[in-house]
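Input: a single structure, listed below in structure tokens.
The values are calculated or read from the model by the stated rules, or taken from the named source; none is laboratory data. Computed from a predicted model, the values in this text were never measured in an experiment. Counting neighbours? That spans all protein chains shown, and the Cβs are built from the backbone with ideal geometry, glycine included. Each accessible area value is taken on the protein alone, full model and side chains, heavy atoms only, with ligands, DNA and RNA left out. Shrake-Rupley method; radii C 1.70, N 1.55, O 1.52, S 1.80 Å.
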Amino acid sequence: MSKHDLLPDISKPGKIGYSLPELDVPPSELPPENLLRKELELPEVSECELVRYFTALSKMNYGVDTGFYPLGSCTMKYNPKWHEDIPRLPGFASVHPLQPEETVQGALRLMFEVQEYLAEITGMDAVNVIPMAGAHGELASQLMMKAYHQERGDRDRRKVLLTDSSHGTNPATSSMCGFEIGIISTDSEGNVDMKSLNTLMNDKVAALTLTLPTTLGLFDPHITEISELVHERGGLLWCDGANLNSLIGYVKFGDLGFDCVTVNLHKTFSTPHGGGGPGAGPVCTKQKLVEFLPAPLVTKECGRYKLVAPAKSIGRIGGFYGNFGVLAKAYAYIRSLGAEGLKQVAQDAVLNANYIKEKLKAHYHLPYDRTCMHEVVFSHKRQAAKGVHAMDIAKRLLDYGLHPSTVHFPLIVDGALMIEPTETESKATLDEFIQAMIEIAKEAETNPDILHSAPHNTPVRRLDSARAARQPDLRWEISETKIEQ
Ligand SMILES: Cc1ncc(COP(=O)(O)O)c(C=O)c1O
């Protein structure tokens, strides 16, 4: 499918999209010949056509501001609009990253206070807010844990253990840091299989990396036992805290025995994200890892804010002050909700996910039938018996005007449908989604073909998703011939 199937080719020679008065000054010289692109055929359209073209394109976009977005693991909550105003305040927006510290005290104070709030929320001793994504925070954490063992002369600890339900960034990060990987199984209840952990945990293990709540949307009740086992053998316990939304205000990672945690500000703390950014993945750590934190940290001495490098820092892992705008929005979010408001976030996120679980479990297979946290994971098992798979269900949701859930993740659930409603959705919206899912389950019984050929009502039909990711068509081109050239 080309863009010409979406919109007619509106460019015609001689059409013009502007009207300027007669030139009454000497024309300025064109840039040198070698800088002019003669082959660049710009579309010739009227202003009105141009505006309609882009407005039509913008209406094809779907986002959390247009509708329900239950993309499991991504926490696509609604983000209050006024938080966008905070990083735009002139005192923040006009700051240059190379300005002397004395002239950016306000920005440093904001960073310092975000560090303090996150330390309190996670139950850790110190926080670095520079990493610019969850995966970036994972990288910083694993480099710190490596440095910690090396500093102690414990150089044989070359292995990182992780669970088979981990997010893909976890093993990728361990690999990038030069660790071998050991994979722990999940038991029939959806928890860490303690037998598997006992077999793999030894004095060659640098760390166990665990997601809590897990990507199955479950809280692992063995966490204290796990923490004791890892620490007894000299290992460190790191948490992928991307799912903090369900624990915030109630549970502190530090109290559970974790040595270090990365949290995703763009998820829990209100930054519109998707398509790769923007984000922030602060690293929050217990005392034993503080001196290895990345630089810079913000400290406060005699009422002044300063940028410092911890004694044995792994060094800089990003430019300047990280994604400052995301930090400013997180600050606004924390300050505006307050302690009670943040607890309410967790309550409502968990309530919404459990509501969906209870309403849909009669229609979809629920591999782990227990109280869930922020998200619920179903499988396509019942529908697969009729030849309908997770992807067909996801594509059919588009016909109902809803964004699909995550599919095929976590990998340990065959045909996973991972639904994360978040706390910002009303009961009416949840009911609309539940109804659509029930209709789809009925269609799988009575008319599976309508699911195989879905979506039917969208500007483009089912795409080759691998090709769409590898060869995205993002530019307006005047002709197909040009594309081939
Ligand atoms: C559980 C989990 N861990 C890690 C990540 C990685 O975070 P980021 O996309 O910010 O790198 C994600 C992102 O979706 C996630 O869901």
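When region 161-177 is filtered for residues that are in contact (Cβ under 8 Å) with a residue 24 or more places away in the chain and not in a loop (DSSP other than H, G, I, E, B), the ones remaining, listed by number, are Leu161, Leu162, Thr163, Thr169, Asn170, Ala172, Thr173, Ser174, Met176. Helices (runs of 4 or more DSSP H) fully within region 27-131 that include at least 2 residues being farther than 23 Å from Lys267 by Cα: 47-59, 90-93, 105-122. Set side by side, the residues Thr186, Thr173, Thr163 differ, and just one is open to solvent by less than 40 Å² (accessible area, probe 1.4 Å), in the same structural domain as Ala280 (by TED's automatic domain parsing) and under 19 Å from the mean Cα position of the chain (by Cα), which is Thr173. Residue count for region 248-288 satisfying the condition of being away from the ligand (no atom under 13 Å from the Cβ), part of a loop (DSSP other than H, G, I, E, B), at pLDDT 95 or above and open to solvent by less than 30 Å² (accessible area, probe 1.4 Å): 4. Out of Glu480, Glu423, I need the residue that is out of contact with any Cys (no Cβ under 6 Å at 6 or more places or on another chain), modelled with pLDDT of 95 or more and more than 30 Å from Ile184 (Cα to Cα). Which one? From the options Glu480, Glu423, the qualifying one is Glu423.
Based on what the data block shows, is Leu451 open to solvent by 80 Å² or more (accessible area, probe 1.4 Å) and among the hydrophobic types (A, V, I, L, M, F, W, C)? Criteria not met by Leu451.
Filtering region 249-287 to residues that are within 16 Å of Ser73 (Cα to Cα) and basic (Lys, Arg) leaves only Lys267. Among the residues making up region 323-341, those that are under 19 Å from the mean Cα position of the chain (by Cα) and either closer than 16 Å to Thr268 by Cα or modelled with pLDDT under 95 (or both) are Asn323, Gly325, Val326, Leu327, Ala328, Lys329, Ala330, Tyr331, Tyr333, Ile334. For region 178-207, which residues satisfy the criterion of being touching a residue at least 60 places away in the same chain (Cβ under 8 Å), part of a strand (DSSP E or B) and within 11 Å of Asp164 (Cα to Cα)? The one that is touching a residue at least 60 places away in the same chain (Cβ under 8 Å), part of a strand (DSSP E or B) and within 11 Å of Asp164 (Cα to Cα): Thr186.
Conditions tested, residue by residue: (1) open to solvent by 80 Å² or more (accessible area, probe 1.4 Å); (2) over 22 Å from Gly275 (Cα atoms); (3) charged (D, E, K, R).
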| residue | (1), (2), (3) |
| --- | --- |
| Pro21 | yes, yes, no |
| Leu40 | yes, yes, no |
| Leu50 | no, yes, no |
| Pro70 | no, no, no |
| Asn79 | no, no, no |
| Ile86 | no, yes, no |
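Scanning region 139-160 for residues that are in a loop (DSSP other than H, G, I, E, B) and surrounded by fewer than 21 Cβ atoms within 10 Å (Cβ to Cβ) gives Arg152, Gly153, Asp154, Arg155, Asp156, Arg158. Within region 327-341, can one find any residue that is over 17 Å from Asn128 (Cβ atoms), among the small types (Gly, Ala, Ser), out of contact with any Pro (no Cβ under 9 Å at 6 or more places or on another chain) and part of a loop (DSSP other than H, G, I, E, B)? The answer is no; no qualifying residue exists.
Residues that are open to solvent by 30 Å² or more (accessible area, probe 1.4 Å) and not in a loop (DSSP other than H, G, I, E, B) within region 309-326 comprise Arg316, Phe324, listed in sequence order. Just one of the listed residues (Val377, Val345, Val350) is under 23 Å from the mean Cα position of the chain (by Cα), part of a strand (DSSP E or B) and either surrounded by fewer than 17 Cβ atoms within 10 Å (Cβ to Cβ) or not small (Gly, Ala, Ser) (or both), namely Val377. Say whether the condition of being in the same structural domain as Gly123 (by TED's automatic domain parsing), within 16 Å of the ligand (Cβ to nearest atom) and closer than 30 Å to Glu340 by Cβ is met by at least one residue in region 191-208. Within region 191-208, none of the residues are in the same structural domain as Gly123 (by TED's automatic domain parsing), within 16 Å of the ligand (Cβ to nearest atom) and closer than 30 Å to Glu340 by Cβ.
Looking across region 380-422, the residues that are on the phi > 0 side of the Ramachandran plot and open to solvent by 10 Å² or more (accessible area, probe 1.4 Å) come down to Gly387, Gly401, His408. For Leu118, the conditions (1) open to solvent by 60 Å² or more (accessible area, probe 1.4 Å); (2) in contact with a strand residue (DSSP E or B) (Cβ under 6 Å, 6 or more places away or on another chain) all hold with the exception of (1).
Scanning region 232-247 for residues that are of a type in the set (Gly, Ala, Ser), more than 10 Å from the ligand (Cβ to nearest atom) and in a loop (DSSP other than H, G, I, E, B) gives Gly234, Gly235. Kindly indicate whether Asp125 is modelled with pLDDT of 90 or more, touching a helix residue (DSSP H, G or I) at 6+ places or on another chain (Cβ under 8 Å), open to solvent by 50 Å² or more (accessible area, probe 1.4 Å) and closer than 21 Å to Leu342 by Cα. Yes: the conditions hold for Asp125.
Considering region 214-231, the residues that are acidic (Asp, Glu) and not in a loop (DSSP other than H, G, I, E, B) include one that is farthest from Thr186 (Cα to Cα), namely Glu228. List the pairs whose first member sits in region 423-439 and is open to solvent by less than 10 Å² (accessible area, probe 1.4 Å), whose second member is of a type in the set (Ser, Thr, Tyr), and whose Cβ atoms are under 7 Å apart, counting only residues at least 6 apart or on separate chains? Cβ pairs passing all conditions: Leu430/Tyr355; Ala436/Tyr400.
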